[in-house]
Amino acid sequence: MLTKKAEDFLLKLRIELLFRGKNEKDVNAIEEELRDHIATAEAQNENVDDLLNTPIKKYADTFSKELNLTQGIYKYIFYIISFMSFMVIIPRMLDNSFQLTLALILYILFIVIGSLVFILFFIKKLIMAWGDSKKTYIAVGCSSVAIFGIYILSEYLLRHYPIFTFWSPSQTSNFIVGIILLLLTITICLLLKKKYFATLILILCLPNLVGLIFTGGDYTNKNFLIISSIVLTLISLSFIVYIAVQYYREKKSTDKN
């Protein structure tokens, strides 16, 4: 088992390399090699302070001097930004509340994309400063709560203050375009072998789809909201039960070992 200082060094190096666009497999290989080297040195009572006191950015230059924005973490950031944008748009189309407004564009640019980029780089700064410590977890928790509050406030402002409406599609247009985008998103996720994202977007849209089926596509029918709410509740309960069962199984397996 490595010392806390060694673990923090490896964590900071890993984060720095990932943010330089280094491939995750390469980063894993570098980390494992260094971990074995440090573990062997510590087991033989050799001094590894020279290595652990090396500035992270200087040591990272050994493996990745240039920033690569086309692979590694940046490729996944692009995927997540695209996916989150569709998560904002598609459900609104399927419940017939979608309108292309200036407020929606600003919401996607500054709240959805902006908050994701901010939290990633904020977490990096925290880890580089404090490593794997309670301070880091508390700061991440507080910032996450603050961002969640901003999301709720932004949703309210978005619905009540559109600023300017560029396009207000009909019910039919919303449904057709929404279904096409949903199928396209699921297909792309499956092609990229991101089954989790495909499942997530389907589950998110499922309450509205079930509501439409049982009300014959009548959004004004009060049963649409009731059915959608029931399906959403069942999905939420199923997720909670799944998490509880997984936790119980893991705990039982740990206790046996």
Q. Just how much of Val140 is accessible, in Å², when a 1.4 Å probe is used and the result is rounded to the nearest 10?
A. 40 Å²
Q) Out of segment 7-91, which trypsin sites (Lys or Arg not before Pro) are coil in DSSP terms and have no more than 14 other C-beta atoms within 10 Å? A) Lys65
Q: Kindly provide the Kirkwood hydrodynamic radius of segment 118-185 in Å, to one decimal, from all pairs of distinct alpha carbon atoms.
A: 15.6 Å
Q) When the accessible area of segment 92-146 is computed with all protein chains present and a 1.4 Å probe, what percentage of it is carbon and sulfur? A) 75 percent
Q.
So if each residue of separation counts as 0.36 nm, and I subtract the Cα-Cα distance between Glu24 and Lys75, what length gain in nm does that give?
A. 17.2 nm
Q) What is the spin-label model distance, in nm, from Thr172 to Glu155 if the labels are put 7 Å beyond Cα along the C-beta direction? A) 3.2 nm
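Hey, any idea what the orientation-averaged projected area of the convex hull of segment 84-137's Cα atoms comes to, in nm²?
On the way: hull surface 18.9 nm².
It is 4.7 nm².
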Q. Taking only C-alpha pairs under 8 Å that are 6+ residues apart, what is the relative contact order of segment 1-140 in percent?
A. 32 percent
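What whole-number value in Å² describes the accessible area per residue of segment 1-92 for a 1.4 Å probe?
59 Å²
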Q) What area, in nm² and to one decimal, does the C-alpha convex hull of segment 16-117 cast on average over all directions? A) 9.2 nm²
Q. With N residues in segment 1-49, what two-decimal value do you get for its Cα radius of gyration over 2.2 N^0.38 Å?
A. 1.18
Q. In segment 128-220, which trypsin sites (Lys or Arg not before Pro) are in a loop and have at most 10 other Cβ atoms within 10 Å, using DSSP for the loop call?
A. Lys193
Q) Cα centroid distance between segment 92-126 and segment 6-67, in Å? A) 34 Å
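The values are calculated or read from the model by the stated rules, or taken from the named source; none is laboratory data. Just so we're clear, the structure is a prediction, and the values are computed from it rather than from any experiment. Ideal geometry is used to build each Cβ from the backbone, glycine not excepted, and the neighbour counts take in all protein chains shown. Just the protein is used for accessible areas: all its heavy atoms, side chains included, with ligands, DNA and RNA removed. Shrake-Rupley method; radii C 1.70, N 1.55, O 1.52, S 1.80 Å.
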